[in-house]
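The values are calculated or read from the model by the stated rules, or taken from the named source; none is laboratory data. Everything numeric here is computed off the predicted structure, so don't read it as measured data. Here the Cβ positions follow ideal geometry from the backbone for every residue, glycine too, while neighbour counts run over all protein chains shown. We work out accessible area using only protein heavy atoms, side chains counted, and drop any ligands, DNA or RNA first. Shrake-Rupley method; radii C 1.70, N 1.55, O 1.52, S 1.80 Å.
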Amino acid sequence: MAYVYKVMASPVGQLKLVANGDKLAAILWENDRPDRVRLGELRPADQSPVLDEAERQLQEYFAGQRTQFDLPLDFMGTPFQKQVWAALLTIPFGETRSYTQIAMQIGNVKAVRAVGAANGRNPISIVAPCHRVIGASGALTGFAGGLAAKRLLLAVEAGAGKAQG
């Protein structure tokens, strides 16, 4: 089955929402590297309830009206990546974790760099909140959507007001 997508405007630029059947498979950034998330063939969605619902929930999130997402997800990756991405889903809204904390959570404290690499390949940005992972010093570190987008997402969650788009 081919992946279907729709594009939505957001305060962090155009987001490409991608579905595999009735599950959300990716949220890609406007200037995403083509090889960051590997998917099959993509075609525009004629109709996709999961993409419509994802767009609605993301709009609520950016408006400061949603603190968690309720969407069926289809993570495509290695078992290790899926373990890291599952850990991302446990980070509470408005909180951050370090790469070391995620490595400890998945039971592999020496895998800090691998956690960083898996975090960078997270296919379902925002919903699986890779933006909530920061450096051990508290510094914002690399982010597929760019550091400005990461700052905005963290500001939305800190209650810094409604995101402007």
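Among the residues examined, Ala9 does not qualify as modelled with pLDDT of 95 or more and under 20 Å from Asn119 (Cβ atoms). Does at least one position in segment 134-144 carry a residue that is of a type in the set (Gly, Ala, Ser) and in a helix (DSSP H, G or I)? No, every residue in segment 134-144 fails to be of a type in the set (Gly, Ala, Ser) and in a helix (DSSP H, G or I). Residues in segment 73-88 that are within 20 Å of Val50 (Cα to Cα) and open to solvent by 80 Å² or more (accessible area, probe 1.4 Å): Met76 only.
Scanning segment 12-22 for residues that are surrounded by fewer than 18 Cβ atoms within 10 Å (Cβ to Cβ) and under 15 Å from the mean Cα position of the chain (by Cα) yields a total of 3.
Being buried (at least 20 other Cβ atoms within 10 Å of the Cβ) and at pLDDT 90 or above is a property that Ile91 lacks.
The rows are residues; the columns are (1) farther than 28 Å from Glu41 by Cβ; (2) among the β-branched types (Val, Ile, Thr).
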| residue | (1), (2) |
| --- | --- |
| Arg66 | yes, no |
| Leu71 | no, no |
| Ile102 | yes, yes |
| Gly116 | yes, no |
